[in-house]
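The values are calculated or read from the model by the stated rules, or taken from the named source; none is laboratory data. Model, not experiment: these values are computed from the prediction. Here the Cβ positions follow ideal geometry from the backbone for every residue, glycine too, while neighbour counts run over all protein chains shown.
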Amino acid sequence: MTVMGDSGKRPRRFSTHLVLVMILIMLPVIGLISAMDYRQVEGALITEENLLREQTKKNVVESIRLVDAGLKLFDSTLDGRMQEGFDPVFAEYERVGRDPGEMDLSRVKEDLGGEMDVYIINASGVIEYTTYPPDLGLDFRGIPYFYERITEIRLGDTFVADRIMAEPASGRLRKYAYMPSPDHRCLFELGLVCSAAGIDRFDPQYQTLREDLMRLNPALEGIRIFDCYGRLINATESESSTDPAAINSVARAVFEEKRDRTITDPAAGRFTRYILVDLSAPDYPSDTSRVVELTYSTAPLDARLAEMRLSHALLAVFAGLIACCIAFPVSRQVTRPIREIVDDVNQIARGDLDHQIRVSTGTEFTLLSESIGTMIDSLKGNIRRLRESEETTRQYSTRLEDQVRERTADIEESSRTAALFLDIMVHDINNANTIAIGYIRFLADALEGERQEMAQKMLSQLEQSSEIIGCVATLREARECGAALAQVDLDRVIRAQVANHPVIRIRYEGRPVAVLADDLLSEVFANLIGNATKFGGQDVEIAIRVEEDEGEALISVEDTGPGIADAVKSELFRRFRRGEGPLAGAGLGLYICRMLIERYGGRIRADDRVGGRPECGAAIRFTLRKAG
């Protein structure tokens, strides 16, 4: 099923090409399917991970809210005791004439059993007097929402119990309550320190919540819960202890902005989500909202994605190998009929035109076999007709060769006869014209008046006839000369032609320039100078300039004669194209110039000596290739 190509190289079998095509089609398809499936699985894993994170967030929020609801029930059991505690405070306030600075707060604390601290908050929101020195001077204006709430309480007339909160200084749990002074000048606050037994009862425990969530979400590395001040709640032994000075600035910012935040750390392969659990209630001055810090590791998801990539790659490789194994037998089965047809065609190509093409299964191969059989039958008929035609062509060719030899001999004889006549015309007739011109010049000088004028006209016609004969001789020499172009000194040719016209004012200043031409180059300058003299008269001024450019020389022959009309310039160099006026010649001079210049590889054109003013004289410009 293979043949040697024109280059001698053995081409690939069609079955090989078919296998390659099948592999090139199946491998990208397998790769595309594998990539699309991986993208789908990747999206599903990422979606599953995001759902798990959202579920973790919901569980955290619901659990904290549930714990807070339980704590709120315990808080309310202390409200009655806190309200009774304000009676000694009001009695002391009235005793000192409502002057907070004169109140004996230590005695009031003793009257309250020493379990409650007394705070007096002035109208500016600052703790001005207290039995708890660490909080003295605490300015609540730094907590705008709390300052607005205690101002509202100060201006009212009701008792307001607060939630159990961690105090700002030490972080100990306290139950707070507030009552305005009768004159609304200040706000009284009581802070009940929770006992050791009360701490276990009122302190929200989140350890179980942490353990449950980290067990349900393997990607969750850690959970930390912060209060409204950004302080850590329920620190474990592996975490830092509860330090009031240890403030998490991110948690504090989340609380103040009331907006969740996510911080990523790609280098460490983790990210942290800060979630605000809003527990604020209009009945309580303090905000017990929590900020939950969930630290996730991307390692589990990355490991699962890497495992999926590896499994998809291995599956794609395995599928590719199976595709390659399938491609070989399929290609051989598909190309078997073609191999049989190729073998039959090769047998026929070796000359056995009677060999039959085996008919293969399949409509297309059957049609191909029948078409090849039809082609062979047609080929037999064509060969028979070709042989008959070859014999006819051979006989005709023999007769044609004889006729060509006869015609060639006749043409050569005619050419020799024409050359003889042309030699006679150029030599003998030109000699006769030369003698006649001499006699007529002598006669013209001897005659006068009308007879002298007639002699001058006769002399002019003879000179024109001699000029035509000279042009014909030049044309014959140019056409018969088959010599290659050679190096010619342009400066020498121009100076020789200037010397041949001593009575004409010709301006030329040049230097040696070597161009590619032959001995007929002088005819170009002879014709151009002759035309300028003929049309411009004896008073004409001629200027010849040579300019050199890269690889060529530009020659200009300018005169001060009557010039050339624009309508004539494009047709001036055609054969037998005569100029205008009584001095126009036979129309061969400029044609010879164009023929010679083009033979030398140059270009020629007619122009004005002064651009745009034909009446100021003509200019013939042409180019020649420089030699070397």
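Given the criteria modelled with pLDDT of 85 or more, touching a Leu at 6+ places or on another chain (Cβ under 8 Å) and assigned to a helix (DSSP H, G or I), does I592 qualify? Yes: the conditions hold for I592.
Of the residues in segment 260-277, at least one is modelled with pLDDT of 85 or more and within 30 Å of T158 (Cα to Cα). For beta carbons closer than 9 Å, sequence separation of 6+ or different chains, a first residue in segment 607-623 that is more than 24 Å from L490 (Cβ to Cβ) and a second that is polar (S, T, N, Q), the qualifying pairs are C616/T560.
Of all residues in segment 328-358, how many are surrounded by 15 or more Cβ atoms within 10 Å (Cβ to Cβ) and on the phi > 0 side of the Ramachandran plot? The qualifying residues number 0. One residue stands out among those in segment 556-575 that are in contact with an Asp or Glu (Cβ under 8 Å, 6 or more places away or on another chain) and among the hydrophobic types (A, V, I, L, M, F, W, C): the one that is surrounded by the most Cβ atoms within 10 Å (Cβ to Cβ), which is I564.
Please specify each residue of segment 255-274 satisfying the condition of being outside any loop (DSSP other than H, G, I, E, B) and without any contact (Cβ under 8 Å) to a residue 40 or more places away in the chain. Outline the logic, then answer.
Here is the first cut: in segment 255-274, the ones outside any loop (DSSP other than H, G, I, E, B) are 255-257, 261-265, 270-274.
Scanning segment 255-274 gives F255, E256, E257, R261, T262, I263, T264, D265, F271, T272, Y274.
For beta carbons closer than 7 Å, sequence separation of 6+ or different chains, a first residue in segment 68-91 that is over 22 Å from V118 (Cβ atoms) and a second that is in a helix (DSSP H, G or I) and aromatic (F, W, Y), the qualifying pairs are L71/F202; F74/F202.
The C-beta contact set for segment 553-568 (first residue among the basic types (K, R), second residue outside any loop (DSSP other than H, G, I, E, B) and at pLDDT 90 or above, distance under 8 angstrom, 6+ apart or interchain) is empty. Number of residues in segment 595-608 that are crowded, with 19+ Cβ neighbours inside 10 Å and under 20 Å from I542 (Cα atoms): the value is 2. If the condition is being modelled with pLDDT under 90 and of a type in the set (D, E), then segment 134-156 contributes only D135. For segment 29-43, a tally of residues being at pLDDT below 85 and of a type in the set (K, R) returns 0.
Inside segment 609-622, can you point out the residues that are part of a strand (DSSP E or B) and farther than 15 Å from R545 by Cβ?
The initial filter retains those residues of segment 609-622 that are part of a strand (DSSP E or B), namely 609-610, 613-622.
Result: R613, P614, E615, C616.
Being out of contact with any Asp or Glu (no Cβ under 8 Å at 6 or more places or on another chain) and touching a residue at least 12 places away in the same chain (Cβ under 8 Å): is that true of G351 here?
Values: out of contact with any Asp or Glu (no Cβ under 8 Å at 6 or more places or on another chain): yes; touching a residue at least 12 places away in the same chain (Cβ under 8 Å): no.
No.
Could you run through segment 157-174 and say how many residues are within 21 Å of R231 (Cα to Cα) and modelled with pLDDT of 85 or more?
Step one: filter segment 157-174 for residues within 21 Å of R231 (Cα to Cα), giving 162-174.
From what's left, modelled with pLDDT of 85 or more: 162.
So the answer is 1.
Scan segment 495-502 and give yes if some residue there is over 30 Å from G628 (Cβ atoms), at pLDDT 75 or above and in a loop (DSSP other than H, G, I, E, B), otherwise no.
Quick first cut of segment 495-502, residues over 30 Å from G628 (Cβ atoms) only: 501-502.
Next cut, at pLDDT 75 or above only: 501-502.
Then keep just the ones that are in a loop (DSSP other than H, G, I, E, B); that gives 501-502.
So far as segment 495-502 goes, yes, one or more of its residues are over 30 Å from G628 (Cβ atoms), at pLDDT 75 or above and in a loop (DSSP other than H, G, I, E, B).
Taken as a whole, the condition of being in contact with a strand residue (DSSP E or B) (Cβ under 7 Å, 6 or more places away or on another chain) and either among the small types (G, A, S) or modelled with pLDDT under 90 (or both) does not apply to Y178.
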